[in-house]
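Below is one structure, written out as structure tokens; the observations come after it.
Coordinate-derived values only; no laboratory data. Bear in mind the structure is a predicted one, so any value in this text is a computation, not a measurement. As a convention, Cβ positions derive from the backbone with ideal geometry for all residues, glycine included, and neighbour counts pool all protein chains shown.
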Amino acid sequence: MLYSKDSRTSSKPIQQSQVRGGNFPWIYSGAFAIFMRIPSVLSRTFSERSFTPPIDELPSEGKRREWRMQTRPNGPREKNRIGPRQGKSLEMAWACKTFFRRTIVSEQTFICQYNGNCDVNKNIRCACRHCRFNKCLLVGMDAKGVARSANQYAIQNDRDRIGPTKKAKLSSGSDDDQAATPARMADQEIVEQLTQVEGLCQELRTCIMPEVTGVQDALTSPCLLFATTEMKKDPNTIFKELYPASMNDIRMWNIREMRICIEWAKTFEVYQKMNQFDQFALVRNFAFAFNLLNRVFYSQDHGPDKIVFQNGAFIMRQPQQQVQLSGCRPIYTRQMDEIMLPFRRLQLSMPEFATFKAALFFNPDALDLSNQAKPDVYEERNKFLGALFTCITTKLGMVAGVQKYGSLLMMTASIQNILAQNEENMQVMELFKNWEVDPFVKELCMKRA
């Protein structure tokens, strides 16, 4: 699955001091832009309600019906249909219609990594856009029909740029009219794609992955997420019973999550277009955050005092002797209190979690990221922040959604502080040799000397 570049703002990148990962300061700039839109939309909405034109200035019922026909995407009684072909029309899902029309209008071209043989169905239709577009043509979608219907969208597109004219829905629940706008539909498709990739990561997490010689070898090898059906299951990842984790358990899961992080990153189109130097910079900046977030989000709920791995190994709030290393500060309590428990209180769903990770990954202030790559990374970050905002507010409504969105973004400082403390522990391990850090993990997580 690949993604197209779809900026949510035209602002230039904010120059930040290039500290390793920063405190994710770039998150707040994108979040601030989204929050600043809310009061203007609401004030415009309520001010419009305060004026009612005279009766003789209101359009007739016939005129209003004519306007509705003009702004309807495909004319009367053509719900969920796409451009005519040989006098007929096709019943299609809104997501597929949007994808097909956006591809034609933007004149995009896609490349398949598997020679155009990807399976495209309702469950994995977003995995390969090349094969998805070919499937659209195969079932009868008409590219010329998209061009002929472009003028029909003009009035609606102008209205979308101006903003909503109905009362903003402040109570819980979604606004159907607002959710149907093209921008929100595009956000929903982004979230859907990220959720499908998250499911593939879950499958890869249980598989035996081929050995690699280092990070560069892993970056240049084909993506493993689309080959899980051909891979054998790893018995060490299967849950049998709860048992106290050892350092070998932690080592195994650290290496596994780092590998999955690289395979996950390969699914982003913007990332694939970068040179290897910039690819390494982004992955190196985010690899352990990916590991940490997955560890607490997918931890089985056996109370607030345990982090439980997929195979049943657990770490206590007061770590057992097997995972204590002399000179290293314990960070598991912070992982529970500052990330795991807040995730559970917020009732974070998998789509929200997947989109949150994508927004954190594209950090324009990542150490060693080139100046040429920063604008694209900045745009991707804003795209995923916008998709996350849409995902949350569509489900909860504006008031509850904004509160949850803000609470989630405020966690980034805690996440970065925990990562910094973990790096200090790795430096202690390297200095006193009280535990041998895996070379693959060291290459991804430790600063250059």
**Request:** Give me D for the range 315-429 in µm² s⁻¹, whole number, from Stokes-Einstein with Rh from the Kirkwood sum over alpha-carbon pairs, 4 °C and 1.567 mPa s.
**Result:** 80 µm²/s
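For a Förster distance of 45 Å, can you work out the FRET efficiency between the beta-carbons of Ser221 and Ser407, rounded to the nearest 0.05? Kindly include the intermediate steps, with their values, before the conclusion.
Values: r = 38 Å, r/R0 = 0.85.
Efficiency, from the Cβ-Cβ distance: 0.75.
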**Request:** Alpha carbons only, please: Rg and Dmax for the range 398-449, in angstrom.
**Result:** 16.7, 52
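With Cβ to Cβ distances under 15 Å as the rule, what net charge do the other residues near Glu241 carry (K, R +1; D, E -1)? Walk me through the numbers before you get to the answer.
On the way: positive: Lys240, Lys306; negative: Asp249.
With Lys, Arg at +1 and Asp, Glu at -1, the neighbours total +1.
Can you sort Thr195, Thr412, Thr220 so the residue with the fewest Cβ neighbours within 10 Å comes first?
On the way: Thr195 18, Thr412 22, Thr220 11.
Sorted ascending by nearby Cβ count, the order is Thr220, Thr195, Thr412.
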**For the range 215-326, the spread of Cα positions along each principal axis, largest first, Å** = 44, 34, 23
**Fill in**
Zone reached by a paramagnetic label modelled 7 Å from Thr333 Cα along Cα→Cβ, restricted to the range 392-421 with backbone N below 20 Å, covers 414-421
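In the calculated pair distance distribution of the range 214-265, what percentage of Cα-Cα distances lie above 16 Å? Before the final figure, lay out each step's value.
Values: 712 of 1326 pairs.
Roughly 54 percent, once rounded to a whole number.
Using the 10 angstrom Cβ neighbour count as an exposure proxy, how do Leu242, Leu360 rank, fewest first? Present the calculation step by step, with values, prior to reporting the outcome.
Details: Leu242 15, Leu360 24.
Listed from fewest to most nearby Cβ atoms, that is Leu242, Leu360.
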**Complete:** Taking placed amide H atoms and a strict 5 Å upper bound, the residues 5 or more places from Ala313 or on another chain that come that close are Tyr243
**Asked** For the range 246-306 and the range 96-112, what is the separation of their C-alpha centers, rounded to whole Å?
**Response** 30 Å
**Complete:** So, with points 7 Å from each Cα along the Cβ direction, the Met350-Met247 label distance in nm works out to 3.5 nm
